[in-house]
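Read through the structure below, which is laid out as C-alpha cells, and then see the notes.
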Amino acid sequence: MTLSVRIIPCLDVTDGRVVKGINFTNLVDAGDPVEMAALYDLEGADELTFLDISASSSGRETTLDIVRKTAEQVFIPLTVGGGIRSVGDVDQLLRAGADKISINTAAIARPELIAEIADKFGSQVLVLSVDARQANTDSGFEVTTHGGREGTGIDALHWVEKACQLGVGEILLNSMDADGTRAGYDIGMIRAIRPVASVPLIASGGAGTLADFASALDAGADALLAASVFHFGIHRIGDVKGYLKGAGYSIREASIQ
Amino acid sequence: MIAILDYGSGNLRSAQRAFATTGEVVEVTSDLAVCLEADGLVVPGVGAFQSCMSGLLATHGDEIIRARLAKDRPTLGICIGMQILFETGLEPSRASGGSTAGVGIWPGSISKLTAPILPHMGWNTVKPDEGSMLFRGIEDQSFYFVHSYAATESVGSFQAWTEYGQRFLAAVEDGALCATQFHPEKSGAVGLRLIKNWVATL
C-alpha cells in the first residue's frame with residue numbers, strides 16, 4: 001500500500017483549442033481538449049490539468065464549457081488554471097466540474113486570496129502555480145508572472161513557505177528556464193523548494209527523456225506534469241509509467257476494463 | 001432513484017455524473033422527503049470537518065442519515081461524508097476550536113495523519129477484507145484520495161485499509177451504511193465499478 005507517483009498531462013487551451021502543433025493523427029479532432037482529455041484518461045493519466053491561456057472573456061466562457069464537457073466523461077481529478085482572480089471565479093469553475101483550481105498572478109498580487117479560497121472551499125481545491133527562474137535572490141530562484149516574462153523579485157522559496165502557511169493544498173512548480181527545452185526538469189529548483197513545501201509538489205517544465213521523470217522524483221517531486229512530450233507523442237503515458245515501474249517507483253496500473 | 005445530499009459541500013456534479021453511469025436516476029437534493037425515500041443516499045463532503053458538519057446540521061442531514069439507518073436504507077458517505085459518521089472530528093477550526101462532534105453512528109475520532117507531507121493526495125492501493133461487497137472485482141486496485149484526517153480504528157462488518165504515514169480506514173461496510181475515505185467518483189473505471197457494486201445492492 002503505497003501512494004503512487006502521479007503523471008499529469010497539461011493541456012494549454014486558448015479559445016477552445018489545445019495550442020501548438022499537436023500531432024495526434026489517430027484522433028478525429030486533433031486539437032480538441034475534451035477528446036484529448038478522454039484519450040489521456042484512457043492511457044492512464046492520473047489527473048488532468050487545463051491551463052486557460054486565452055485572455056478574452058469569450059475564451060473564459062469557452063473554458064467553462066470545456067470543463068463541463070470533460071467532467072461529463074472523464075472521472076479523474078481535473079485541475080483548471082489561468083486568469084483566476086477571485087473566490088467567484090473559483091466557484092464558477094468548481095460548479096462547471098473542476099476538482100481543483102490553480103492560481104498564480106492573482107495570489108502574488110494579493111496573497112490573502114489563498115486564505116479566502118482555502119476557507120471557502122478547503123485547501124484541497126487550491127494549487128499554487130509557481131513560475132520560477134534562476135535569479136539573484138536568497139534561494140537563487142525568483143517568482144515570475146506573465147508566463148515567465150516578468151520578474152517579481154520575490155524569492156521562490158519564501159513564497160512557497162508563505163503560501164503553505166496561508167493554506168494552499170499543493171504546489172505546481174514550473175521552471176521557466178527548463179520550460180519547453182526537453183532538457184530535463186529543473187532538479188536544482190525542485191531540491192531547493194522541497195524542504196519548505198509541506199504539501200505535495202508537482203514538478204513541471206523540461207520533461208524530455210524517460211529518465212528525466214525519475215530524476216524529478218529523486219529530487220523530491222510527488223507528481224510530474226508534462227505537456228509537449230505527450231502532445232507530440234514522444235512518450236505515451238504508459239511508457240513513462242512502465243519506465244518508472246521498472247525503476248522501482250509506485251505507479252497506478254492501467255484501469256480495469 | 002439515488003439522491004445525492006446537497007448540503008453545500010463540493011463539486012456535486014461529478015458525483016451525480018459518476019452515479020448516473022449506472023443507469024439510475026440521480027438527483028442532487030436537500031429535500032428531506034426525497035432523501036429519506038430514495039433507494040440510495042450519497043453523502044458527499046469536501047473541505048473541513050467542521051464546515052461540513054455545520055452544513056449537514058443546517059439541512060437536517062444528520063436526521064436523514066439516522067432515519068434511513070433505522071429503516072435499513074442504503075447510505076454511502078464519501079470523504080468527509082465518511083468522517084462525519086464518526087463521533088468526533090479532531091480537525092481544528094475557527095468555529096469550534098479543537099474538535100467537532102460528528103453524527104456519531106460509529107465510535108471513535110477522526111485524527112490527523114502522521115505524515116510529513118499533507119494532504120494525502122493521489123492514488124493509493126486499498127486492501128479490502130475478504131467478502132467485501134463494495135470491492136467485488138476490484139480487490140487490489142488504487143483509488144483517489146485527498147485528505148489529511150482519517151479514522152484509524154476498525155468499525156462496521158467489513159473494512160478496507162490503506163497506508164500513508166500510518167494505516168487507516170479507506171472504506172467501511174456496516175449493513176445499510178457504507179463509506180469511503182477516497183473519492184470513487186474521481187477514481188476512474190475502478191471507482192465507477194465500486195459505485196456499480198454499491199448500486200447493485202439497492
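For A:ALA163, the criteria (1) buried (at least 21 other Cβ atoms within 10 Å of the Cβ); (2) under 16 Å from the mean Cα position of the chain (by Cα); (3) of a type outside the set (D, E, K, R) hold in every case but one, which is (2). Restricting attention to region B:191-202, which residues are within 12 Å of chain A (Cβ to nearest Cβ) and in contact with a helix residue (DSSP H, G or I) (Cβ under 8 Å, 6 or more places away or on another chain)? Scanning region B:191-202 gives B:GLY191, B:LEU192, B:LEU194, B:ILE195. Scanning region A:121-151 for residues that are within 15 Å of A:ILE84 (Cα to Cα) and surrounded by fewer than 19 Cβ atoms within 10 Å (Cβ to Cβ) yields A:THR145, A:HIS146, A:GLY147. Scanning region B:60-76 for residues that are touching a helix residue (DSSP H, G or I) at 6+ places or on another chain (Cβ under 9 Å) and part of a helix (DSSP H, G or I) yields B:GLY61, B:ASP62, B:GLU63, B:ILE64, B:ILE65, B:ALA67, B:ARG68.
Would you confirm whether or not region A:188-205 contains a residue that is within 14 Å of chain B (Cβ to nearest Cβ) and of a type in the set (Ser, Thr, Tyr)? Yes, region A:188-205 contains a residue that is within 14 Å of chain B (Cβ to nearest Cβ) and of a type in the set (Ser, Thr, Tyr).
Looking at A:THR63, A:THR79, just one residue is outside any loop (DSSP other than H, G, I, E, B) and either more than 28 Å from A:VAL160 (Cα to Cα) or within 12 Å of chain B (Cβ to nearest Cβ) (or both), and that residue is A:THR79.
Of the residues in region A:103-145, how many are away from chain B (no Cβ under 14 Å) and in a strand (DSSP E or B)?
Of the residues in region A:103-145, 12 are away from chain B (no Cβ under 14 Å) and in a strand (DSSP E or B).
Could you tell me which of the residues B:PRO92, B:PRO116, B:PRO74 is surrounded by fewer than 23 Cβ atoms within 10 Å (Cβ to Cβ), in contact with a Gly (Cβ under 8 Å, 6 or more places away or on another chain) and closer than 20 Å to B:ILE4 by Cβ? After ruling out the rest, the residue left standing is B:PRO74. Taking the criterion of being within 16 Å of the chain's Cα centre (by Cα) and either in a helix (DSSP H, G or I) or farther than 21 Å from B:THR180 by Cβ (or both), the residues of region B:36-59 that qualify are B:PHE49, B:GLN50, B:SER51, B:CYS52, B:MET53, B:GLY55, B:LEU56.
Within region A:139-154, the set of residues being among the hydroxyl-bearing types (Ser, Thr, Tyr) and within 11 Å of A:ASN104 (Cα to Cα) comprises A:THR144, A:THR145. Criterion applied to A:ALA227, A:ALA223 was being within 13 Å of chain B (Cβ to nearest Cβ), touching a residue at least 60 places away in the same chain (Cβ under 8 Å) and small (Gly, Ala, Ser), and the one residue passing it is A:ALA223.
Would you confirm, using the coordinates I've provided, whether B:ILE64 is closer than 22 Å to B:MET121 by Cβ and either within 14 Å of another protein chain (Cβ to nearest Cβ) or buried (at least 24 other Cβ atoms within 10 Å of the Cβ) (or both)?
Working: closer than 22 Å to B:MET121 by Cβ: no; either within 14 Å of another protein chain (Cβ to nearest Cβ) or buried (at least 24 other Cβ atoms within 10 Å of the Cβ) (or both): yes.
No, not satisfied.
Of the set (1) closer than 25 Å to B:ALA170 by Cα; (2) more than 12 Å from every other protein chain (Cβ to nearest Cβ); (3) crowded, with 23+ Cβ neighbours inside 10 Å, all apply to B:GLY45 but (2). For A:ARG68, are the conditions met, namely being part of a helix (DSSP H, G or I), without any contact (Cβ under 8 Å) to a residue 40 or more places away in the chain and farther than 28 Å from B:TYR149 by Cβ? The answer is yes for A:ARG68.
A short reminder: the numbers here are calculations on the coordinates, not readings from a lab. Note that this is a predicted model, so its numbers are computed, not measured. Every residue, glycine among them, receives a Cβ derived from its backbone with ideal geometry; neighbour counts consider all protein chains shown.
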